[in-house]
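In what follows, a structure is listed as structure tokens, so that the remarks can point back to it.
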Amino acid sequence: MERYVVRHEFFGGLVYDRQEDTNILIDEEFYSALAYLKNIPDTKILQTIGEEDASFLEDEEFLVNYHPNYRLIDSGFTNDTLSAPGRVHFYYTSSCNLNCAHCFSKSDSSSSEMTFEEKIHMLDQMYELGINEILIGGGEPFTKSTFPDFVEACLERNIVTKVFTNGLLLTDEKLVQRMAKWNLKYLSISIDGSDESEYERVRGVKGLSLIKDNLKLLKQYCRFTIAASITINPYNFQTAEKLLALINEFGFDRLKVRPVKPAGNVIKNRDVFLTAEQYIFFIKEAQNIWNKKYKDKFTLDFSWGDTRLVYNSDDNIIVPLDIVYPYEGYGCFAGKVNIVFDAEGNALTCGFLPDELKKSENDNLRNKSIKNIWENGIKFLSLRKLEGNAACLNCNYYNVCRGGCMARNLFFGKDINYPDPWCIKKHFPIVL
């Protein structure tokens, strides 16, 4: 398997490095050189490009013994738009064993889910387009007996795979032994409470003790990273000390912190939606506690919108991470970098937007290709044409947030072009 996947893009090329699990941006000249080398016999590469260039490409392993160590993809692109999504978010099923008060996807009930073969066809398209990452959730994916087969199909295609689960169904030792062979980027288990009472208030059942037992079983067999995902809400934003102690006690490798978004069940249960000030309170408390007690135990990151943050509590500044994919226009990654597919095959621009903005009945994997939907999907084109607003467009942090979370813009301001009420510049100094 080649080390690199090289996609032709409007800015030059997007290189995925399998070994380092990272994306690299290259210009048109470098892309053209790599494309040119693909057509030269190995025996003539050195004399064609010279010893200095050949040595550089060998050192970086673009060439191994003067043979190209990359897969080249040129599927066509339009100006200012990626040739294909950077990553796919996939709701494997709408079925779930819970009905959480803050679930953003619960309103997307699915009566006609794709067949397993249709889901595999999606993976084949991803491979051909050079889409190297998939985030799989639901619903609860482990409610479906075919889910382990699907994960293994992702890994067979060398797709970076991240699995999101509530962790309550991972009780079968045979299943966990099978999972031990999976080379996942990580398995993320949702927690959302520092004790059974907090957990039950949001998720409707007592489940922490079961998760602790299941995690012990996972740790016995599996070597991939196991993360805890905590959605901060008004019931748990003041419990940073207890939450971090629980993460350490359970033995998680990573803590992913996310705010509640105004979508799905949150629209019906507005008491679980929190303010920016409440979320900031948790970030500051959690970072201080982690710095003092747990920085050698597990990793910690916060999300504000699309972007992960590292917070420096001493100077009250944040450093944004994951600003990798270049894209144009106003608004977050939705429809410009990410694509979401629900269990029925509907293409969604974002899981948090209302139906009239996130999906069209015409854009479905059963009748259109990923490439066709990405380039011509009605909702995707509409999001790429957003006007934005003067405050965001003229802000020196625009390239970090692009106006922030459009779902929050709609929820609070009733206009998708408004600035995010959680404006990151308003709440933090930023180090770029």
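The values are calculated or read from the model by the stated rules, or taken from the named source; none is laboratory data. Everything numeric here is computed off the predicted structure, so don't read it as measured data. Counting neighbours? That spans all protein chains shown, and the Cβs are built from the backbone with ideal geometry, glycine included. Heavy atoms of the whole protein, side chains included, go into the accessibility calculation; ligands, DNA and RNA do not. Shrake-Rupley method; radii C 1.70, N 1.55, O 1.52, S 1.80 Å.
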- [ ] Go ahead and collect, in residue order, the members of the range 241-284 whose backbone nitrogen is under 17 Å from a label point 7 Å along the Cα-Cβ direction of Val431.
- [x] 284
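Give the shape of the range 282-432 as rounded, prolate or oblate, defined through the alpha-carbon gyration tensor: a ≥ b ≥ c are the square roots of its eigenvalues, a/c under 1.5 means rounded, and otherwise the shape is prolate if a/b is larger than b/c and oblate if not. If you can, show how the numbers build up before the last one.
Numbers: a/c = 2.46, a/b = 1.68, b/c = 1.47.
Prolate is the answer for the range 282-432, as a/c is 1.5 or above and a/b outweighs b/c.
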Task: Cysteines (scope the chain) whose Cβ has no counterpart Cys Cβ under 4.7 Å - done: Cys96, Cys154, Cys222, Cys332, Cys350, Cys392, Cys395, Cys401, Cys405, Cys423
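Hand me the trypsin sites (Lys or Arg not before Pro) from the range 154-252 located in a DSSP loop with no more than 13 other Cβ atoms within 10 Å, in residue order please.
On the way: sites: Arg157, Lys162, Lys174, Arg178, Lys181, Lys185, Arg201, Arg203, Lys206, Lys212, Lys216, Lys219, Arg223, Lys242; in loops: Arg157, Lys181, Lys185, Lys206, Arg223.
Here the sparse-neighbourhood loop sites are Lys181, Lys206, Arg223.
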Task: Neighbourhood charge, 9 Å Cβ-Cβ cut-off, centred on Ile226 and excluding it, Lys, Arg +1 and Asp, Glu -1 - done: +1
TODO: Please report Rg over Rh for the range 169-214, where both radii come from the alpha carbon positions and Rh follows the Kirkwood definition.
DONE: 1.06
- [ ] Summarise the accessible area of the chain (1.4 Å probe, protein heavy atoms) by the percent that is carbon and sulfur.
- [x] 48 percent
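What is the sum of charges around Asn389, taking Lys and Arg as +1, Asp and Glu as -1, for the other residues whose C-beta is under 11 Å from the C-beta of Asn389?
Once positives and negatives cancel, what remains is -3.
Please give the contour-minus-distance gain from Ile267 to Asn79: 0.36 nm per residue of separation, less the Cα-Cα distance, rounded to one decimal in nm.
Numbers: separation 188, 0.36 × 188 = 67.68 nm, distance 3.68 nm.
Full extension from Ile267 to Asn79 adds 64.0 nm.
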Open item on the list: If the only charges are +1 at each Lys and Arg Cβ and -1 at each Asp and Glu Cβ, what is the size of the charge dipole of the chain around the Cα centre, to the nearest 20 debye?
Closed with: 1480 debye
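For the chain, what does -39500 (n - 2.57) per DSSP helix run (n ≥ 4), summed and divided by total residues, give at 222 nm, in deg cm²/dmol to the nearest 500? Show your work: numbers first, answer last.
Details: 17 runs with 139 residues, N = 432.
Rounded to the nearest 500, it is -8500 deg cm²/dmol.
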TODO: Mind putting together the pair-distance distribution for the range 84-230? All Cα pairs, 5 Å bins, whole percent per bin, short to long.
DONE: 2, 9, 18, 22, 20, 16, 9, 3, 1, 0
TODO: Express as a percent, rounded to the nearest 5, the fraction of DSSP beta bridges in the range 1-159 (both residues included) that run antiparallel.
DONE: 60 percent
Task: Of Phe77, Phe252, Phe142, the one that fluctuates the most in a GNM where the chain has Cα springs shorter than 10 Å - done: Phe77
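If the viscosity is 1.002 mPa s and the temperature 20 °C, what translational diffusion coefficient in µm²/s does Stokes-Einstein give for the range 23-87 when Rh comes from Kirkwood over Cα pairs? Each step should come with its number before you reach the end.
Values: Rh = 13.1 Å.
For these conditions, the coefficient is 163 µm²/s.
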TODO: Using every pair of alpha-carbon atoms in the range 185-279, split the distances into 5 Å bins beginning at 0 and state the percent of pairs per bin, rounded to integers.
DONE: 3, 13, 24, 25, 17, 12, 5, 2, 0
TODO: Give the distance, in whole Å, between the Cα centre of the range 155-205 and the Cα centre of the range 411-426.
DONE: 33 Å
TODO: With label points built 7 Å along Cα→Cβ from the Cα atoms of Lys293 and Glu241, find their separation and express it in nm.
DONE: 0.8 nm
Task: For the chain, built as a Gaussian network whose Cα springs stay under 10 Å, the top-fluctuating residue of Ser112, Ser197, Ser83 - done: Ser112
Open item on the list: Mean-square fluctuation check for the chain, GNM, Cα pairs under 10 Å: which of Thr165, Thr146, Thr231 is largest?
Closed with: Thr146
Task: Projected-area mean, the range 268-315, by convex hull of Cα positions, square nanometres - done: 4.5 nm²
- [ ] Kindly report, to the nearest 10 Å², the accessible surface of Lys414 as traced by a 1.4 Å probe over protein heavy atoms only.
- [x] 150 Å²
TODO: Place +1 on the Cβ of every Lys and Arg and -1 on the Cβ of every Asp and Glu in the range 250-313, take the dipole about the Cα centre, and give the residue among Tyr311, Ala263, Leu300 whose Cα lies farthest towards its positive end.
DONE: Leu300
- [ ] Using only Cα positions of the range 231-312, each an equal point scatterer, no hydration layer, compute I(q)/I(0) via Debye at q = 0.15, 0.19, 0.26, 0.27 Å⁻¹ and quote the log10 values to two decimals.
- [x] -0.53, -0.82, -1.32, -1.38
Task: Distance-filtered residues of the range 412-426 - backbone nitrogen under 16 Å, label point 7 angstrom along Glu387 Cα→Cβ - done: 414-419
Open item on the list: Give me, ordered by chain and number, the residues 5 or more places off Ser188 or on other chains with an amide H under 5 Å from its own placed amide H.
Closed with: Val163, Phe164, Thr165, Ala227
- [ ] Taking the Cα atoms of the range 341-416, report the difference between the largest and smallest coordinate on each principal axis, in whole Å and largest first.
- [x] 42, 23, 17
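Give, in nm to one decimal, the length gained when the segment between Val337 and Val205 is fully stretched (0.36 nm per residue of separation minus the Cα-Cα distance).
Numbers: separation 132, 0.36 × 132 = 47.52 nm, distance 3.57 nm.
That pair, Val337 and Val205, stretches by 43.9 nm at full extension.
Would you please give the FRET efficiency between Asn97 and Asp53, computed as 1/(1 + (r/R0)^6) with r the Cβ-Cβ distance and R0 = 56 Å, to the nearest 0.05? Could you put the intermediate results ahead of the total?
Values: r = 57 Å, r/R0 = 1.01.
Efficiency for this residue pair is about 0.50.
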Open item on the list: Please list, by residue number, everything in the range 313-357 whose backbone N is under 15 Å from a paramagnetic label point 7 Å out along Cα→Cβ of Lys284.
Closed with: 313-318
Task: Distance (nanometres) between label positions extended 7 Å along Cα→Cβ at Arg366 and Asn399 - done: 4.4 nm
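Quick one: Cα convex hull volume of the range 24-169, Å³ per residue? Don't skip to the answer; put the middle values down first.
Numbers: hull volume 24.1 nm³, N = 146.
Convex hull volume per residue, Cα atoms: 165 Å³.
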Task: Potential lengthening between Glu128 and Thr275 on full extension [0.36 nm per residue; Cα-Cα distance subtracted] - done: 48.7 nm
Open item on the list: Normalised radius of gyration for the chain, please: alpha carbon Rg relative to 2.2 N^0.38 Å, two decimal places.
Closed with: 1.00
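For the range 285-367, would you read off the P(r) tail past 14 Å as a percentage of all alpha carbon pairs? Write down the numbers at each step before the final one.
Working: 2442 of 3403 pairs.
Within the range 285-367, distances greater than 14 Å cover 72 percent of Cα pairs.
Ranking request for peptides 38-44, 380-386: highest mean number of other beta-carbon atoms within 10 Å first, then the rest in descending order. Don't skip to the answer; put the middle values down first.
Values: 38-44: 10.4, 380-386: 17.4.
Packing proxy ranking, top to bottom: 380-386, 38-44.
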